[in-house]
1. Within the chain, what whole-number % of the accessible surface is contributed by carbon and sulfur, with the 1.4 Å probe and all protein chains included in the calculation?
2. Under unit Cβ charges (Lys, Arg +1; Asp, Glu -1), what dipole magnitude, rounded to 20 debye, does the range 1-132 have relative to its Cα centre?
3. If you count only protein heavy atoms with a 1.4 Å probe, what accessible area per residue comes out for the range 48-117, rounded to a whole Å²?
4. Which ³J(HN,Hα) values in Hz, rounded to whole numbers, follow from the phi angles of the range 378-388 under the Karplus curve 6.51 cos²θ - 1.76 cosθ + 1.60, where θ = phi - 60° and Gly and Pro get x?
5. What nm distance separates the two modelled labels at residue 332 and residue 386, each placed 7 Å from Cα along Cα→Cβ?
6. To the nearest 500 deg cm²/dmol, what mean residue ellipticity at 222 nm is calculated for the chain from DSSP H runs of n ≥ 4 alone, each contributing -39,500 (n - 2.57), summed and divided by the residues?
7. For the range 83-88, what does the Karplus curve 6.51 cos²θ - 1.76 cosθ + 1.60, with θ = phi - 60°, yield as ³J(HN,Hα) per residue in whole Hz, taken in order and with x for Gly and Pro?
8. I need the calculated FRET efficiency for the pair residue 156 and residue 14, taking r as the beta carbon distance and R₀ as 30 Å, to the nearest 0.05.
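The values are calculated or read from the model by the stated rules, or taken from the named source; none is laboratory data. Values in this document were obtained by computation on a predicted structure and should not be read as measured data. Don't worry about glycine lacking a Cβ; one is built from the backbone with ideal geometry, like all the others, and counts go over all protein chains shown. Accessible surface is based on the protein model in full, side chains and every heavy atom, while ligands, DNA and RNA are left aside. Shrake-Rupley method; radii C 1.70, N 1.55, O 1.52, S 1.80 Å.
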Amino acid sequence: MQYFPAFMKLEGGSCLIVGGGEAALAKLRLLEKGTGSITLVAPRILPAIEEVVRCGRVIWEARPFTGEDVRDRRLVFAATGRGEVDERVSVSAQAAGVPVNVVDGPAASSFITPAIVDRDPILIGVSSAGTAPILARSIRAQLEALLPAELGRLARFADSFRGAVKAVIPSFIGRRRFWEDFFASPVARQVLAGQEQQAREAMLSRINRGQGSTAQGTSVEGSVALVGAGPGDPELLTLKAQRLLQGADLIVYDRLVNPAILEHARRDAERLFVGKTPAAHHKTGSHQESQGEIQQILLQAVRNGRRVVRLKGGDPFVFGRGGEELSYLEAAGVTVEVVPGITAATGCAASGRIPLTQRGLAQSVTFVTGQGEQAASEPDWQSLARLGGTLCFYMGVATADRIAEKLMVAGMNGATPVTVVEKGTLPEERCLPGRLDGLPALIAAEAVEAPALIVIGEVAGTQNINRLPSFAAAV
Ligand code: SAH
């Protein structure tokens, strides 16, 4: 971080602008929004600045700058547009330890001003550290469009109830919950719509309810959501997943969850890694035990009133053991929200440009685990080989030789196209095309690592895409 963001208090202090032209006017307009006093030093000023001076908000000293002018200022702006004068302002200010900004002179500035979205008292500053001011401004424009105009009114409304809420809900976590609920409530929307009187009445009854529950000793209610994190690319998170991550107290996540996705969580949320290694997956004993432990952790946390997000790679209900966690928690009387995620098969298909179904090539798609080493979980190879659609093997890297052999013994053609997608949707993704009879050799030669998905079927041959019926018809 080349520049540290901070919001500066100007009240009771004085700021200096040196210069009387357009640049000085722009800084004046900025400072006018603040509460401090403003002094402007310049021999001559624009009529628009004279206008502001006449309103009494600014003290104009009609003379050239002297080094003494920077004394006891909160901020100094050098806006004369004349290199040697601005330079002198900068040197004097820095010598006096006063923050200085030189218009269009980042090297001579000790601070820079961001593009601002002003919903006072909500204020957003966007900076590109001088690298791309136009980008920063376009981000500001997007935020302007996104945020309701009355956001500031909502903040002031909340502020006016802060004391009351604190008085009736003594616990910090309880208050945080109260405010989170409030900002998502119809009452907050009433404030934004300008119906402040009705909102005040509704707010009072909310606060009284809050008082009721604490008086009876009812603890804050926890919640748990089983959330799919998608295959890796954070942009493939759903809006729901994102919202839940923002509201979570505790995030219990797997090895497959990309750390970049945890960046979307609330900063002070606790993160608990419960990932299992592929080796532990094989040892049924230890695996069962850790699954049981995870379930107990989830239950305990909800009972303690925490908002828990159980974050799983891909989709929680596709080889994610989400079903076990759901039934355990529901049996314990906990309501569970389930949020689907983009599963590895659809994520990898998109990045490998493999349509999983395609008219004339594949009428079905089947998700299969490559981990079925016990008789009971052994897939029905005969049916898989006969399906004629697309097969997506999860957890199949270690058992690829067996998968290929079983399918060919069951009658699948060794020339059937195969694509292995390693670390799909992540920057280090690789898509490796081949044939079913060459699958084990491909995986060995390319040293494929987990997580990887094996797609088997006519659609997996990239060369087939150009021969698709619709493509042929179009050309
Ligand atoms: N619930 C997850 C699957 C968990 S099983 C989902 O819906 O995607 C773990 C297997 O998923 C891995 O062995 C691999 O086959 C597959 N997988 C998960 N993420 C992947 C990725 N980014 N690229 C390729 N395969 C992936």
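1. Looking at the chain in its full context, I get 55 percent from C and S.
2. Dipole magnitude for the range 1-132 comes out near 160 debye.
3. Counting only protein heavy atoms, the per-residue value for the range 48-117 is 54 Å².
4. 5, x, 7, 4, 4, 5, 4, 5, 8, 4, x
5. Placing both labels 7 Å along Cα→Cβ, they lie 4.4 nm apart.
6. Rounded to the nearest 500, it is -12000 deg cm²/dmol.
7. x, 6, 5, 4, 4, 5
8. After rounding, the FRET efficiency stands at 0.65.
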